[in-house]
Structures are given as C-alpha cells and as structure tokens.
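Shown next, in structure tokens, is the structure this report addresses.
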Amino acid sequence: MNSQVPLQAMVLAAGLGLRMRPLTNNLPKPLVLLNGKPLLDRVLDHLIEVGVKKVAINLHYLGKMIEHHLKMRVNPEIEFSYEADCLLETGGGVANALGSFGDKFFYVVNTDIAWKNGKIPALKRLAEFWDNGRMDALLLLQPVSSANGYGGIGDYNLTKNGNLHRRINEQSVPFVFTGIQILHPRLFMRAPAGPFSLTSLYDEAEGNNRLFGIIHDGEWYHLGSIAALREAEKISKGL
C-alpha cells in the first residue's frame with residue numbers, strides 16, 4: 001500500500017460533447033454547469049483537496065474557451081495539451097501529455113462526471129490503495145445499482161484481491177468504471193501512436209495481472225446527457 005498522493009494529474013477535456021447538444025453547441029462540455037458550477041472546476045477542486053500541484057488538460061473542441069476560463073486560476077498549476085488537428089481519444093490524449101508526468105504515477109479524471117466523497121476523499125483512497133510494485137492502473141468503481149445517470153450493464157468484475165476482469169460480450173457485471181483513476185507511465189510503454197482508447201491498455205494490464213480497482217463509497221453521477229445532468233441537479237445534495 002502507498003502513503004503518498006500523486007502530485008500530478010491529467011483531466012480529459014477534449015471531447016466533442018455530442019450527447020450534450022444543443023447545450024454544447026457553443027460551450028465545451030467541461031464548462032457545462034452543475035448546480036451553478038462548471039464540471040471542470042469541480043474536478044480541479046477535488047484534485048486540489050488531496051494536494052495535487054500540477055494538472056495537464058487536453059484541449060480540442062472549443063479549447064480556447066477552456067483556456068480563457070482557467071486564465072485567472074493559480075491553483076493548481078495548469079499545462080494544456082493541444083489536440084487541434086486530431087482528437088486523440090482517451091488513451092492517445094493521455095499519451096500525448098506523458099511528458100508532464102516524468103516517471104511518477106498520476107491521476108486521470110474525466111469531466112463528464114461528478115462525485116461526492118465518502119468519509120475519505122475518493123482520490124485519497126485510491127492513493128492509499130496504490131501499490132507501485134503490483135499495479136499499472138487502479139480504477140475507481142461504482143456499483144451499477146447506485147450509479148446515477150448510468151443505464152449500462154457495467155464494465156468490470158472485482159476479485160477479493162482487487163484485481164479487475166472486464167465483462168465479456170453482453171454479460172452483466174456489478175461495477176462501472178467512474179472515469180477516476182491512477183495510472184503509471186509504464187502502462188504506455190507499448191501504446192500505439194495516434195488515437196486509441198485507454199481500454200486497450202487496461203486489457204493489457206489485466207492480462208499481466210496489473211489492473212486493479214476499488215469501490216467508491218460515496219455518490220457518483222454520470223453526466224453523459226442533458227437528461228442525466230438535469231436529474232443530477234434534482235437528486236444531488238451538497239454536491
């Protein structure tokens with residue numbers, strides 16, 4: 001187990017926001033408001049809470065608006081990773097920003113989510129569970145039964161030791177990946193060039209017995225549509 005919290009993070013903010021349209025016709029999804037606060041600021045505040053100092057943010061769709069929004073923010077230190085010519089997807093986006101992280105483990109967080117911590121901040125719980133000798137990726141999971149705004153059949157099974165096994169075909173599984181994780185740069189040693197999904201690297205880590213997960217002990221909201229956003233505004237308290 002680990003006692004050190006990663007001091008660096010990647011926030012994925014380059015998506016097109018297609019499922020949020022028309023709300024995102026002229027607004028990047030990370031700047032969409034939930035209870036009056038942009039989704040991106042919510043993520044950054046969670047990262048600051050646990051001591052993260054440096055954050056890389058990838059930009060593509062309406063990226064200049066995100067840059068302008070964050071211009072006056074002094075904490076955390078922000079570095080932009082540009083994907084102007086080609087949207088690199090989740091894996092390619094992180095790979096493109098790896099130079100920001102050196103050889104240290106780091107958080108990666110999506111912006112189409114929101115969460116409320118349990119007794120201990122979720123990001124801190126991930127860091128405490130991280131074992132650098134055993135893990136290349138550690139994912140935060142939410143039980144499908146309590147995943148607000150999520151209508152799928154889950155992503156992973158979780159063993160008693162914390163190992164993850166991705167669902168096969170249309171088999172239902174109990175846990176959905178929250179979009180909150182810790183990764184190590186070695187996960188990307190054999191990553192392809194250009195756009196690719198992080199899922200392919202999770203699969204490789206799973207095959208090497210180096211993909212792990214823990215279950216979130218608080219509330220989690222998947223904000224993939226305007227309907228999910230409005231529902232979250234109705235049911236969330238103290239978020």
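Between SER100 and GLN171, how high is the FRET efficiency from 1/(1 + (r/R0)^6) when r is the Cβ-Cβ distance and R₀ = 22 Å? Nearest 0.05.
E(calc), rounded to 0.05, equals 0.05.
Any idea of the accessible area per residue across the chain, 1.4 Å probe, to the nearest Å²?
On a per-residue basis, the chain sits at 46 Å².
P(r) for the chain: what percent of alpha-carbon pairs falls in each 5 Å bin, starting at zero?
1, 6, 14, 19, 21, 19, 13, 5, 1, 0
Kindly flag which residue pairs out of LYS29/LYS104; LYS37/LYS124; LYS54/LYS124; LYS119/LYS237; LYS124/LYS160 have an alpha-carbon separation exceeding 25 Å in this structure.
Result: LYS29/LYS104 exceed 25 Å.
Between the alpha-carbon centers of region 1-77 and region 151-179, tell me the distance in whole angstrom.
So the two Cα centres are separated by 26 Å.
Given the DSSP H assignment, sum -39500 (n - 2.57) over each helix run of at least 4 residues in the chain and divide by its residue total; what's the result at 222 nm in deg cm²/dmol, nearest 500?
-6500 deg cm²/dmol
May I ask you to derive the FRET efficiency for THR159 and LYS37 from their Cβ-Cβ distance with R0 = 35 Å, giving the value to the nearest 0.05?
The computed FRET efficiency comes out at 0.45.
What percent do you get for the relative contact order of region 33-113 when only Cα pairs under 8 Å and 6+ apart count?
35
From the phi angles alone, apply the Karplus equation (6.51, -1.76, 1.60; θ = phi - 60°) to region 71-81 and give each ³J(HN,Hα) in whole Hz, x where the residue is Gly or Pro.
4, 8, 7, 9, 9, x, 5, 10, 10, 8, 10
In whole angstrom, note down how far apart the Cα centers of region 83-121 and region 216-239 are.
Distance between centres, Cα-based: 21 Å.
Of all DSSP beta bridges located in region 1-112, what percent are antiparallel, nearest 5?
10
What spacing in nm lies between the two simple spin-label points modelled at ILE226 and THR199, each 7 Å away from Cα in the Cβ direction?
That separation, rounded to one decimal, is 2.7 nm.
Hey, any idea what % of the chain's accessible area is carbon plus sulfur with a 1.4 Å probe?
Heavy-atom surface of the chain belonging to carbon and sulfur, 1.4 Å probe: 52 percent.
So what is the relative contact order of region 1-52, in percent, for Cα pairs below 8 Å that sit 6 or more residues apart?
39 percent.
The values are calculated or read from the model by the stated rules, or taken from the named source; none is laboratory data. In this text the structure is predicted, and so the values were computed from the model without any measurement. All Cβ positions, glycine included, derive from the backbone under ideal geometry; neighbour counts span all protein chains shown. All accessible areas refer to the heavy atoms of the entire protein, side chains included, with ligands and DNA or RNA removed. Shrake-Rupley method; radii C 1.70, N 1.55, O 1.52, S 1.80 Å.
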